[in-house]
Amino acid sequence: MPEGDTLARIAAGLRPHVAGRSVTAARARVPGPRVERIVGSTITEVLAAGKNLLIRFDNGLELRTHLRMRGTWHRYRPGEPWRRAPSRAVLVIEVPGAVAVCFDAPVVELFETRAEALHPSLGRLGPDLLDPAFDAAEARRRLRDPSRAAMEIGPALVDQRALAGIGNVVKNETLFIERVDPFARVADLDDATLDRLVATARRILLESSVRSRGPERVTTLDPVTRRPLAPGPLWVYRRAGRPCRSCGTLIRSARQGTEVPRTTYWCPACQNPGR
């Protein structure tokens, strides 16, 4: 599933070509959104909110797409051949000089912007780690919510109601960099550890959001001095059965979480709290 940095790059790629322009045509393949209502309106904003892409219009309407595992956005010049089959397009928005196409996304919604705070997903999002006004204290408060006390820290970090934007790659790499056992309960971690996890996840996302691809390379930390080293390949994600880049112990993996189980990768030596 695309993480917050991917959505930030998509928004940055679409924004210069569609923002401030009037919608000349719009169509959706998925049932529900009457996207003809945005024709004639002007696009005022294109932004990412966690793992959601939001497009706002001057008539008070707002489009939300969630890409899940397979969705993506492309931008084309009028008449330019598409790189994916038209049958995979779930949403098409045409403005003078550009065509924005959303392929394969399972979620396309149109609603009034003023109702965003009441939206069942957007209204419950935690602080967005890519927001310039990101509130670290609020992030810690949400992680400390009694409902998450017994949660393992791995699933807690990808709970978008606590923190918006972290996906499985950043979760795994953050926990390794900070030498935290992914199966530790939130209640058993002190505030300093939670703050380090949040800060490192945010740094990875911010750095990845300005690259052409996702966080395939992250800035690693020296395990002793904790000073940043040069960017390098991923530490643990999808490296099960291979030697840890730090200590040589074989990386392990396991499914973790109840609401949306994901694969967690970790080094049993480097992330062993009793070591």
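A short reminder: the numbers here are calculations on the coordinates, not readings from a lab. This one's a predicted model, so the numbers in the text were calculated from it and none came from an experiment. When we count neighbours, we look across all protein chains shown, and the Cβ atoms used for this are built from the backbone with ideal geometry, even at glycine.
With runs of 4+ DSSP H residues as the only contributors, calculate the mean residue ellipticity of the chain at 222 nm using -39,500 (n - 2.57) per run, divided by the residue total and rounded to the nearest 500.
Details: 5 runs with 57 residues, N = 275.
That comes out to -6500 deg cm²/dmol.
Multiplying the residue separation of Glu259 and Ala133 by 0.36 nm and removing their Cα-Cα distance gives an extension gain of 42.5 nm.
The fraction of Cα-Cα pairs per 10 angstrom bin, counted from 0 for the chain, comes to 7, 28, 31, 20, 12, 3, 0 percent, rounded to whole percents. Result for the chain in a Gaussian network model with C-alpha springs under 10 Å: among Arg196, Arg64, Arg255, the largest mean-square fluctuation is at Arg255.
A simple rule links phi to the HN-Hα coupling: the Karplus curve 6.51 cos²θ - 1.76 cosθ + 1.60 with θ = phi - 60°, which for the range 34-39 gives 8, 5, 4, 5, 8, 5 Hz, with x for Gly and Pro.
Suppose every K and R has +1 on its Cβ and every D and E has -1 on its Cβ; what is the size of the dipole of the chain about the Cα centre, in Debye to the nearest 20?
Working: 44 positive and 30 negative charges, 185 e Å.
That gives the chain a dipole magnitude of about 900 debye.
Available extension along the chain between Ala187 and Arg88 is 31.2 nm, counting 0.36 nm per residue and deducting the alpha carbon span. Could you list the residues of the range 104-126 with an amide nitrogen less than 15 Å from a label point located 7 Å from the Cα of Arg70 in the Cα-to-C-beta direction? Taking a point 7 Å out along Cα→Cβ of Arg70, the residues of the range 104-126 whose backbone N falls under 15 Å are 104-108.
Of the complete DSSP H runs in the chain, those spanning 24 angstrom or more by Cα along the long axis with a mean Kyte-Doolittle score not below -0.5 are 191-209. Ordering Gly126, Gly248, Ser208 by Cα displacement along the dipole of the chain toward the positive end leaves Gly248 in first place; charges were set at the Cβ atoms of Lys, Arg (+1) and Asp, Glu (-1).
How large is the translational diffusion coefficient of the range 4-124 in µm² per second when you combine the Kirkwood radius over alpha carbon pairs with Stokes-Einstein at 10 °C and 1.306 mPa s? Rounded, D is 112 µm²/s.
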